[in-house]
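Have a look at the structure below before the remarks.
The values are calculated or read from the model by the stated rules, or taken from the named source; none is laboratory data. Treat the numbers as computed from the prediction; the structure is a model and nothing was measured. Neighbour counts are summed over all protein chains in view; Cβ atoms, including those assigned to glycine, are modelled from backbone coordinates with ideal geometry.
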Amino acid sequence: MVFNWYLKNHHHDYYSLVEPYRENGKNRHRVIEYLGGLTQDEVHRIRRGLAVMKELEIETVKVDDLIFANYWRYLDVAFLDGIWKQWNLSKMFPRSNSKDVQTSEIAEILTLYHCLDPGSYISAIDWLNKTALDRVLCVDIQYINKSRIFRELDLIEDRKEDIERYLYRTLKKRDEDGMHIVFYDLTDSYFEGRKCELASAERTKSNGFRKKRVVLSLLVNSRGYPFAWDILEDYTADVETIKGLSTQWKTEFGFEDNEIVLVFDRGMVSDVNLKHLELKKYKYITALDKNQIPNMKNVNIKRFESINNENMAEQILKMGFKKYDNTTYYETVGTVDDRRYVMIFNPEMFKDQRKSRKELIQRAKDYLDKENKALSRAKKSRNKDKTKGRIDKQLTTMKAKNFLDYNLKPQVIKAEGKEINSFHIIPKETDNNKEAIKKAERTDGLWTIITNTSDKKDDKNKFTEEDLIQAYRDKNQIEQAFKDVKSFIKIQPFNVWTPKHVRAHYTICILSYLLDITITNRLKEVDIGMKSTQKVYDTLKNGIIGNITIKNTGDEFLKLMNPQPQQKTILKLFQNEKLVKKGHLKSIGIK
């Protein structure tokens, strides 16, 4: 018979089990059983059970004969297990005949957990019990507990450098061109809980207020795949970190001269850093900070004073710039001490920076108005030096001190029969303010690439100006990597505290990101109507197995819900169709 019962909601939380049928060309339904009031959890479980039952071949069935005991997530965890196996990551961890659960299995469980439902390691056990990972991995859940997980974190971190070298070799073998240009960046996260030796109480980049910070480094190839990462101790500034790490990479990966081109953010640029990279025979592509541009040789920065919002493209082309695209015009500045400089002009950036400066000055004026109101309602006399110091400090914090000046005019406030000495702020724009604004406007819309790569035609590793622009633009690969690691995989806050556990947590997060970027890149290659890994996970999450018992016969078995078309499409794209084949399901005890 065709099993097509469904749950019908009558009113409020009252339900009945009904069977649809056709009569005289019309759709009707008959009530199989009145179920009365149900909680949302009960409704959810019954609907899951009915969905599974639709896949069974049953001659006669009564509602009292069906027992839907439980269900577990299968397709999403089995799918990610397939991606894990494609990378052959388990071989990175030692096996022990004396262990009921291997380190590789704990590492995979935690990695998949961070992909699908990131949370604390204590919650990982509850999550695992709601999945079919034990069947997929052939492990006994009773041997996995909180203590076991924390012990295994030590062993996972012991393999960190081996994993890095393995990923580097694998990526190079799969796509040698993809390892020619690599991207490096730093970010930070924060720590909560007990004292962490790796964390320092500093202001974080992401949230701006004081936390126990940990500083993270990451190296990815041109397709976004990670192969080196670290948590930095004794962190002081971006510009100082690259020296030690670049030496470490040479040793760890055996980089040959000119083998890779390192692309990194302008925040790490210093003459000391560049000289160190040159000494180590690295090729690099980076950019200067905005405030470094006026000090460049061979550049007449004052000529940019004439640019305005009207016909910017025409104006910049007349100066000798070439067009890369509608938002990028470039000019070769020249070579100084074997370093090439390419000046870039971005019309959109020009407009944004002009607009932002005007808004900044207006916010500063609004602040002075607010201060004026407070001074006019003063309850006690104000000291001129302290008042001026407080206002100057705020304007400096707002980065508006050079663009706006003011006078403090004494005023006397009469209140409650007494006189209070206060002040009235009179904003003013001095010649110095106008010159500061004029000077700042000269670099609006400008940024500059600096590199030691060659542009000679006979150099196989040459980079044209267009190549340099594209390489620096591709830097968003690593920026997106950090975004995913910090948000999608929820690296923050750290919920462990020993140095080794903190490092292991970062390693787990990177492995999660490795699976994530693998899926992302494949989705870019073939359009299946999904743009994000989260959409893939959400689609597969509904692929559950249910525990079914036939009461009258005592038969009990596990049954996979019939895979939906979208789920099948995903599995086919990633060559994981076997996950829903009868032979494979039977091998892990699923009907």
Residues of the stretch 573-591 being assigned to a helix (DSSP H, G or I) and in contact (Cβ under 8 Å) with a residue 24 or more places away in the chain, in sequence order, are LEU573, LEU579, VAL580, LEU585
Of the residues in the stretch 483-500 that are outside any loop (DSSP other than H, G, I, E, B) and under 9 Å from the mean Cα position of the chain (by Cα), the one that is modelled with the lowest pLDDT is PHE488
Taking the stretch 428-482 and the residues there that are closer than 15 Å to ILE181 by Cβ and hydroxyl-bearing (Ser, Thr, Tyr), the one that is farthest from the chain's Cα centre (by Cα) would be SER454
Reported set for the stretch 425-479 where residues are hydroxyl-bearing (Ser, Thr, Tyr), loosely packed, with under 14 Cβ neighbours inside 10 Å and under 25 Å from LYS355 (Cβ atoms) is THR430
Condition met for ILE260 (modelled with pLDDT under 85, surrounded by 16 or more Cβ atoms within 10 Å (Cβ to Cβ) and of a type in the set (Val, Ile, Thr))
no
Checked the stretch 298-350 for anything of a type outside the set (S, T, N, Q) and on the phi > 0 side of the Ramachandran plot; matches are GLY320, GLY334, ASP337, ASP338
Residues in the stretch 387-424 that are in a helix (DSSP H, G or I), surrounded by 14 or more Cβ atoms within 10 Å (Cβ to Cβ) and not hydrophobic (A, V, I, L, M, F, W, C) total 3
THR448: passes all of (1) over 28 Å from TYR367 (Cα atoms); (2) part of a strand (DSSP E or B); (3) free of Cβ contacts under 8 Å to residues at least 40 places away in the same chain but (3)
Item to check | Test: residue in the stretch 110-123 that is at negative phi, buried (at least 19 other Cβ atoms within 10 Å of the Cβ) and more than 25 Å from the chain's Cα centre (by Cα) | outcome: no
Filtering strands (runs of 3 or more DSSP E) wholly in the stretch 276-386 for at least 1 residues that are more than 35 Å from the chain's Cα centre (by Cα) gives 328-336
